[in-house]
Each structure stands twice: as C-alpha cells, then as structure tokens.
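One structure is given here, and the rest of the page talks about it.
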Amino acid sequence: MCPPESALQSPQFLLLVGIPVVSTLLLVQCLRWHCPRWLLGPCWKPDSHEEPEPPSSPPPEFEVPGHCVPATLPEIAAFYQELHTPTQGHTVTRQLMNKLLVFSAREVDHRGGCLLLQDTGISLLIPPGAVALGRQERVSLILVWDLSDAPLLSRTQGLVSPVVACGPHGASFLKPCTLTFKHCAQQPGHARTYSSNTSLLDAKAWRPLGQPGAHTSLDECRIQLSHFSLYTCVLEAPVGQAARKWLQLAIFCSPLAPGQTHLQLRVYFLNNTPCALQWAVTNEQPHGGRLRGPCQLFDFTGARGDQCLKLKYISEGWENVDDSSCQLVPHLHIWHGKCPFRSFCFRRKAANENEDCSALTNEIIVTMHTFQDGLETKYMEILRFQASEEESWAAPPPVSQPPSCNRLPPELFEQLRMLLEPHSITGNDWRRLASHLGLCAMKIRYLSCQRSPAAAILELFEEQNGSLLELHCLMTSMERLDCASVIQSYLSTTPHSSPAVVHNHVWENQHLELDEKL
C-alpha cells in the first residue's frame, strides 16, 4: 500500500527549508565569533558583562591610533635612530610612528651623566664607572604619551605614574643606573612598579618588578636598573583596604578678548604628576588654551563612583550654552590615568539680546563643584574661575637690566633641581643644602610647602651670589657626587665665549681652578 502523498511532502519540505536555515544560523554565529568588530558594524555587541565606558567629550584629545599598516624595517630603523640621536641637553616632544613621545638623548663615557626630561619629574642617572674607560655609549630617556603602551588594568588597579622607557632596549652597564619618576598614590606601600622587557614598538609584556612599595617613596619611584626597558607604576591596594590617589584639577581656556561672544572652559582630571600636567599643556597648545590659575588637589578613591562636575554659578551677563549644568567623567577614565577633561561653553547675553550689557560681560566669574558620585559630602572640591578683558595673558617683558645676583644656567639649574628634589630618608637632599646655607628649621619647614623646594633653595643660593665652585664644594661635602658631577660636566663642556661665562666674569678662572683641584 503506498503512503499518502501528503505524508511524503512534509519531510521533504523540512529538508528543503530546514537545512538552509540551520546553515545560515551557523554561518552567522561563526562570523560573530571570529570576524572583527568593524566587519559586523553597529550590530555587534560584546559578550562581556563589563559595563562599557562612555566615550569622552569630543574636544581636542590625542586619540590612540587604531589599526595601521605594519612598519617597514627602514621606518623602524629611522624611529630608533631619531630617539638615540643626542639632543644636546634639550627635551624634544615629537610624534613618531603614531606615538607621542618626549625624549632626550646623550653620549655617556666613564664619567657618567644624567638625563632629564624638562618639567616632567623624570631623570636617569648613569653613575661614574658604569661605562668602561675609553668607551662612549648613547643612552636615551623617553616619556611615552601613548595609552596603548600602558598595562592592561583591572577595575581594582589604577595607573599612578607615566610610562617611561630607557634606551637602547636591553643595554646593561658595569654599575646600576637610577631611574626616577613621580607617582600620585596616597599610600606608597600600595604602589607597585611594573616592567616590560620589550622594545618600544613591540607588544608589551608587563610584569611586576618586586613587591608593592619596594621602589616607591612619598611621591616618587626610584628603580636601580640592571638593564634598560620600559617601566611604570600601578596602584594595587590590599584586599579590604581603600585605594586612593591624588588628582590635580587644571582649568584651561583662551584669553577673554573684547567683542568675544563665546568662551569655552575645560577642566582636566589629571594624575598629580608633572608629566600629566605637561600633557594637558601640550594638548592645549594647538587650540590656544592656557592654564588658568594653580591646579587644585583632589582625593580620588578607587570606589566605582564617577566624577561629577556641576556648574553652580555664572556671573551676570553670561549664560551656559550647554544643555546640562552637570557632566560626568567615567570612573575608569580617571582611575586608569587617561587624562580626561570636560568643558562648558558660555555666551554673552548681549549677543542674542538688544540690551547693551557690555559693562557686565567684560569679565566672567564661574564657580563649579566636583565630587565623586555618592561622595558629595565627603570629597568635594570647589573650582572658581575669573577672567576679564583687561587682564594681560602675555608673558612679562624681559628685564632689560642684568640681575644683581649670579644666575645658574637654566639647563644646569634644572638638572640640580631634579637631583635635589626627591625626598631622601637621610635628609641628604635640598634640606641639607638649606642647612648649609644657614636656614633654620622653621624656614626649611616653610619651604617644604612650596611647589618646588629645591628650586627655591637654588634661587636663594643665586641671591647670595654663590659661585659654581662654592656650589661644587657644597655638593662634595654633602656627598652628593651626582650633583658635583653635573656641575663639573657643565663646566667641562661650556666654551669660554658662552654667554653664561661672560655673565659671571669669575667663572672662567673658577673653571681652571676646579680642573686643577679635580
């Protein structure tokens, strides 16, 4: 007996329709697993349960470059050649191979030397005897402003220092070299240094370098290097303890000019390190933004509270152009050291009204509150901004008459400041120099509150008409041979026709006398 015709059609229909449908579903799933995000477009969604970070505001920020064509061997060779070419004591800021870098390079012989990155708090000391007698080595010190080179951090970890590279990669010396850079962890014992034993262009492999607190003091990391590589510092608080770091809140804007109808104000949330502030200054230069007033410190906790920036007051004659008076910065953007900022745009009311209120709008006063979400009563900072058309934002005119005291050359001044600034447990830092200059304990405590106590002490030494020979003798008696070596190195390389030598007529004779004694 033959089966009915309808009984045969149902299985055939399922085979003809079901197989293509199942094949299509499997193909879509494979594409979803293996294809890159850009191929799937906006429909792609991550499988991770981690909360996505909202994008930062669109004003000018250095963006991390996306996928690019691999560099060729000649391009890589040119990249490292430029990094290791001596910069004659200057600090260079340049974008190379899609990386924004700040670097300095020099040749070092058996006498040793010191490399400094200006206004960043980063230094590298090669001690005497680290290079064999009769040899010269080129060394470089590099600040990496590329966030893609930082370690991949969890929510509990925070970036509290810059990424610093010493080159050439893998170089070793007869004596350990000392790398110094700043961190912003509130508890130095919670800060842990990391090292990536890779070159600057390779994929990074970050690993802990010792135990937490092994290389950190109050606000500084100091690492004895056996060979050159990449280094940074990460905040890792023990379980059950709150992790906190210091932020600096910096306000930038353009000068308020007559007839200007709009003014944009930008507030940066930066790690409390010199190099983070320099990043903001560099980021603002193409847009004419300038730092307005001193930075304010903020106690940022590792709790998952986003940062709120709330506008509280605008002076009469101005109005807020933005839709909201409150803006949020994602917690991880600050915790992972991405240097985010938020902006407000203000407009003169006279620009859209018939009444004349120029007398009210020739200055602007703004008050803002900033705090972590949920911690408004515990950690809140009040930011106040004021600007007027009459203010002069230009640099002060140069002094026509020569100063009445000896002035250290700027390069030498900065080198000595960087060496004397770090806090020493034995007190053999700027405080010892202050004691030699006759300052009492009360004045030393007062100077410790200054932004740069070492700079204040060196300026005091200049005002006392101290000579380089006297400063060299002081450093030698303090057993600060690194500072004495810097002074001697400067005198050995300074030509007699140098303006610094002409400015102080006795330096030439002191130079000869110092050579004889050494």
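The values are calculated or read from the model by the stated rules, or taken from the named source; none is laboratory data. In this text the structure is predicted, and so the values were computed from the model without any measurement. Quick reminder, even Gly has a Cβ in these numbers, built from the backbone with ideal geometry, and neighbours come from all protein chains shown. These area figures cover heavy atoms from the full protein model, side chains too; ligands, DNA and RNA do not enter into them. Shrake-Rupley method; radii C 1.70, N 1.55, O 1.52, S 1.80 Å.
Starting from one equal scatterer on each C-alpha and no solvent at all, send me the Debye-based log10 I(q)/I(0) for segment 201-283 at q = 0.24 Å⁻¹, two decimals.
-1.29
Got a number for the accessible area of D119? Probe 1.4 Å, square angstrom, nearest 10.
The accessible area comes out at roughly 70 Å².
Pop a pseudo-label 7 angstrom from the Cα along the beta-carbon direction at both V321 and M380 and give the gap in nm to one decimal.
2.9 nm
Once the dipole of segment 410-492 is set up with Lys and Arg at +1 and Asp and Glu at -1 on Cβ about the Cα centre, which of L491, C449, N428 lies farthest towards its positive end?
Value computed over the given set: C449.
Say the cut-off is 28 Å between C-alpha atoms; which of K310/K443; K349/K378; K245/K312; K175/K443; K182/K310; K99/K182 go over it?
Beyond 28 Å: K310/K443; K349/K378; K175/K443; K182/K310.
Considering every pair of different Cα atoms, what Kirkwood radius, in Å, is found for segment 410-492?
Hydrodynamic radius (Kirkwood, Cα only) of segment 410-492 equals 12.8 Å.
Placing unit charges on C-beta atoms (Lys and Arg positive, Asp and Glu negative, everything else neutral), compute the dipole magnitude of segment 73-235 about its Cα centre in debye, rounded to 20.
300 debye
Quick one: accessible surface of D219, probe radius 1.4 Å, all protein chains present, in square angstrom to the nearest 10.
My reading of the accessible area for D219 is about 60 Å².
Just want to confirm a number: the relative contact order over segment 73-235, from Cα pairs under 8 angstrom separated by 6+ residues, in percent.
It comes to 21 percent, rounded to a whole number.
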